[in-house]
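The values are calculated or read from the model by the stated rules, or taken from the named source; none is laboratory data. From a predicted model like this one, the values you see are computed outputs, not experimental measurements. Virtual Cβ from ideal backbone geometry, glycine too; neighbours counted across all protein chains shown. Note: areas computed on protein heavy atoms with side chains; ligands, DNA, RNA excluded. Shrake-Rupley method; radii C 1.70, N 1.55, O 1.52, S 1.80 Å.
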Amino acid sequence: MGQQPDQGQFGQGQFAQGPGTPDPTPPRRSRTGMWIALGCAVLLILLLLIAVTGGVIYLVGRGGGSESSAPEMAQYSGEHFGLQYPKDWVEDEITEEDKETGMVLDLRDEQVEAEEMATNSLAVYVFDSDLHAKAECDSQATWIGFSWDEVEDPTEIDPLTLDGKELPAYRALGTHDDREAISEMYCADVGDQVLQIMVESHGATEVSPEITAMLDSWIWTDPA
């Protein structure tokens, strides 16, 4: 009979693990991929936060996200008219000398000395005249910018509408203290008198938005 194989080293059903047999213990997963995925997630969150924050800043910058950008307003009410103006503007006291010229309101965006000019100003006069508003503006227009260093000839512009009433208007451009300057004059009949408005802006060739807003708020308290 043939010789039986020796099973003493390996029991029945057992086998020897040779050099080519895979290790039955599963390999550990690398943490590199996990950290890459986590970093991408954090970066995505940061990009979303930047985008949202930038959008909010843009809206606020355009005035769409805040109402606090509007200046606090003060109210002027006179015999013939009323208007609103920024509360941080200066309402100069009307002196006896001013009253002789018919001045009833003198507003400036900054306090200045007597010989200096504010960056923006609005003055209103009410006085007796043998002329109506249109003729008065025609004759007074030559005085626009009379204290500037240089001033161009005044030109008639489209009438200004104040609270539904059209006023003849004139404009002059020039320079003062090495800055561009613009001044406009508007006139209206109020009873037997003439109401005259003078506005000035320095450092610009257009009347400032603050002055425009003040004129837009104008109301006639004596529409006659």
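Evaluate region 158-180: report whether one residue or more is in a loop (DSSP other than H, G, I, E, B), at negative phi and hydroxyl-bearing (Ser, Thr, Tyr). Can you show your working first?
Of the residues in region 158-180, the ones in a loop (DSSP other than H, G, I, E, B) are 163-164, 177-178.
In the following step, the residues that additionally are at negative phi were identified as none.
No, that holds for no residue.
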* **Residue that is least open to solvent (accessible area, probe 1.4 Å) [pool: residues in region 105-119 that are among the acidic types (Asp, Glu) and closer than 17 Å to Glu210 by Cα]** => Asp106
* To do: For region 139-164, enumerate the residues that are open to solvent by 70 Å² or more (accessible area, probe 1.4 Å) and within 28 Å of the chain's Cα centre (by Cα).
  => Asp158, Pro159, Thr161, Asp163, Gly164
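Applying the selection to region 165-176, what residues are touching a residue at least 40 places away in the same chain (Cβ under 8 Å) and either in contact with an Asp or Glu (Cβ under 8 Å, 6 or more places away or on another chain) or open to solvent by 90 Å² or more (accessible area, probe 1.4 Å) (or both)?
The initial filter retains those residues of region 165-176 that are touching a residue at least 40 places away in the same chain (Cβ under 8 Å), namely 165, 176.
Within region 165-176, just His176 meets the criteria.
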* Asked: Across region 200-224, which residue is surrounded by the fewest Cβ atoms within 10 Å (Cβ to Cβ) among those that are hydrophobic (A, V, I, L, M, F, W, C) and farther than 21 Å from His80 by Cβ?
  -> Ala204
* Asked: Is it true that some residue in region 74-92 is free of Cβ contacts under 8 Å to residues at least 40 places away in the same chain, of a type in the set (Val, Ile, Thr), part of a loop (DSSP other than H, G, I, E, B) and open to solvent by less than 40 Å² (accessible area, probe 1.4 Å)?
  -> no
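Would you be able to say whether some residue in region 185-195 is out of contact with any His (no Cβ under 7 Å at 6 or more places or on another chain), of a type outside the set (D, E, K, R) and more than 17 Å from Val104 (Cβ to Cβ)? Working first, answer last.
Here is the first cut: in region 185-195, the ones out of contact with any His (no Cβ under 7 Å at 6 or more places or on another chain) are 185-188, 191-194.
If we keep only those that are of a type outside the set (D, E, K, R) too, we end up with 185-188, 191, 193-194.
Imposing the further condition that a residue be more than 17 Å from Val104 (Cβ to Cβ) reduces the set to none.
No: zero hits.
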* Asked: Glu156 is checked against (1) of a type in the set (D, E, K, R); (2) closer than 21 Å to Thr212 by Cβ; (3) at pLDDT below 95 and fails just one. What number does that condition carry?
  -> (3)
